[in-house]
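For reference, the structure discussed in these notes is given below.
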Amino acid sequence: MGGAVRAVVYPYPDMKSLSRGAAEILVAQANATVARRGRFSLVLSGGKTPLLLYRLLAGEYANRIPWLRLHIYWGDERYVPPDDPRSNFGTAREALLDHVPIPPENIHPIPTDLPQPEDAARAYEATLRTQFPGVWPTFDLMLLGLGADGHTASLFPGSPALKEPERWAVAVQAPAAPPERLTVTMPVINHARQVYFLVSGIEKTKALRCALTDTPDIATCPASAARSLNGAVFWLVEEALLLPHNPWPDR
Ligand code: 6PG
């Protein structure tokens, strides 16, 4: 008897079809959740992969999303000002949030203007706790990316943050510029009602293999430890990363 399904993989031929697939999923999930619970909490991911999705949501899909009922959060942030091109908040604001009628009070960026990143992590957790009174936040849908080293959000291989048992957000040192980052912790990811990874780029082939393995190892492949409240995680991936003849590039 097999265990519960852990990963559901949706292959797409290219970034455009992957982004459109993600947009259709968000339209369906946002409307169903708002109809059921009156609001939809969506966690945006950083990096480049979601950019086309964000532009689609601001464009041809904009009139299919119940923006007034959405609350927007981030899974991680680089400790730079919002107008820095590396800012995940700044990127989402430019590609999406400045173009849709979401109430400003429904947008909850991770602060990056406090004296220390640790202060910002605690401030973000305090904000989340005003929105989610339980032991853990239960975001309706969390978007995540995958790094070539198996990281997700800003949870990098070997990071002490991977062992954080209680806090909802922490400051970390990333092995990539900019080094100072803030991230939600793995228990926060695991308490999201739904988790969707968007993965593109042939350089992630090996990371995807480790992330989809049946023997997760959070220390070396943080993404492999991602679960949702019901256990399943959805993966929207470029199909080239799944092809058997793919040379599985070494690190
Ligand atoms: C970040 C992200 C990070 C990202 C992956 C993939 O702040 O960089 O949250 O986890 O999702 O590194 O990045 P790309 O989409 O740019 O490949």
Note to self: Looking at segment 23-36, can you tell me whether even one residue there is part of a loop (DSSP other than H, G, I, E, B) and of a type in the set (Asp, Glu)?
What the structure shows: no
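Looking at Gly90, Gly145, Gly150 in this structure, which one is within 30 Å of Thr205 (Cβ to Cβ) and touching a Cys at 6+ places or on another chain (Cβ under 9 Å)? Explain how you work it out, then say what you get.
Values: Gly90 fails: touching a Cys at 6+ places or on another chain (Cβ under 9 Å); Gly145 fails: touching a Cys at 6+ places or on another chain (Cβ under 9 Å).
Testing whether each residue is within 30 Å of Thr205 (Cβ to Cβ) and touching a Cys at 6+ places or on another chain (Cβ under 9 Å) leaves just Gly150.
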Note to self: With over 22 Å from Val237 (Cβ atoms) and out of contact with any Phe, Trp or Tyr (no Cβ under 7 Å at 6 or more places or on another chain) as the only criterion, which of Ser154, Ser87 stands out?
What the structure shows: Ser87
Note to self: Let me spell it out: the conditions are (1) buried (at least 17 other Cβ atoms within 10 Å of the Cβ); (2) within 27 Å of His151 (Cα to Cα), and Arg6 meets all of them except one. Which number is the exception?
What the structure shows: (1)
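Is it the case, given these coordinates, that Leu51 is buried (at least 19 other Cβ atoms within 10 Å of the Cβ) and within 30 Å of Pro178 (Cβ to Cβ)?
It is false that Leu51 is buried (at least 19 other Cβ atoms within 10 Å of the Cβ) and within 30 Å of Pro178 (Cβ to Cβ).
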Notebook entry, point to check: Within segment 133-145, how many residues are in contact (Cβ under 8 Å) with a residue 40 or more places away in the chain and open to solvent by 10 Å² or more (accessible area, probe 1.4 Å)?
Noted result: 4
Note to self: Just to be sure I understand, how many residues within segment 146-170 are of a type in the set (Val, Ile, Thr) and either open to solvent by 40 Å² or more (accessible area, probe 1.4 Å) or within 12 Å of the ligand (Cβ to nearest atom) (or both)?
What the structure shows: 1
Check: Would it be correct to say that Pro178 is within 11 Å of the ligand (Cβ to nearest atom), over 30 Å from Glu24 (Cβ atoms) and more than 17 Å from the chain's Cα centre (by Cα)?
Finding: yes
Checklist line | Count - residues of segment 88-122 that are part of a helix (DSSP H, G or I), crowded, with 16+ Cβ neighbours inside 10 Å and without any contact (Cβ under 8 Å) to a residue 24 or more places away in the chain | finding: 4
Checklist line | Output for segment 54-63, where each listed residue is without any contact (Cβ under 8 Å) to a residue 40 or more places away in the chain and either open to solvent by 100 Å² or more (accessible area, probe 1.4 Å) or at positive phi (or both) | finding: Glu60, Asn63
Check: For segment 172-202, which residues satisfy the criterion of being in a strand (DSSP E or B) and open to solvent by 40 Å² or more (accessible area, probe 1.4 Å)?
Finding: Gln173, Glu180
Notebook entry, point to check: Can you tell me which of Leu208, Leu241, Leu212 is more than 14 Å from the chain's Cα centre (by Cα) and more than 13 Å from the ligand (Cβ to nearest atom)?
Noted result: Leu212
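With Thr205, Thr220, Thr215 as the choices, which residue is closer than 15 Å to Ala148 by Cα, of a type in the set (S, T, N, Q) and part of a loop (DSSP other than H, G, I, E, B)? If you could, list the steps in order and put the result at the bottom.
Numbers: Thr205 fails: part of a loop (DSSP other than H, G, I, E, B); Thr215 fails: closer than 15 Å to Ala148 by Cα.
Residue meeting the stated conditions: Thr220.
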Notebook entry, point to check: Considering only segment 71-87, how many residues are away from the ligand (no atom under 13 Å from the Cβ), touching a residue at least 12 places away in the same chain (Cβ under 8 Å) and either surrounded by 23 or more Cβ atoms within 10 Å (Cβ to Cβ) or more than 16 Å from the chain's Cα centre (by Cα) (or both)?
Noted result: 2
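The values are calculated or read from the model by the stated rules, or taken from the named source; none is laboratory data. What you see is a predicted model; the values in this text were computed from it and never measured. Heads up, the Cβs are rebuilt from the backbone with ideal geometry, glycines too, and the neighbour counts pull from every protein chain shown. Only protein heavy atoms, including side chains, enter the accessible area calculation; ligands, DNA and RNA are left aside. Shrake-Rupley method; radii C 1.70, N 1.55, O 1.52, S 1.80 Å.
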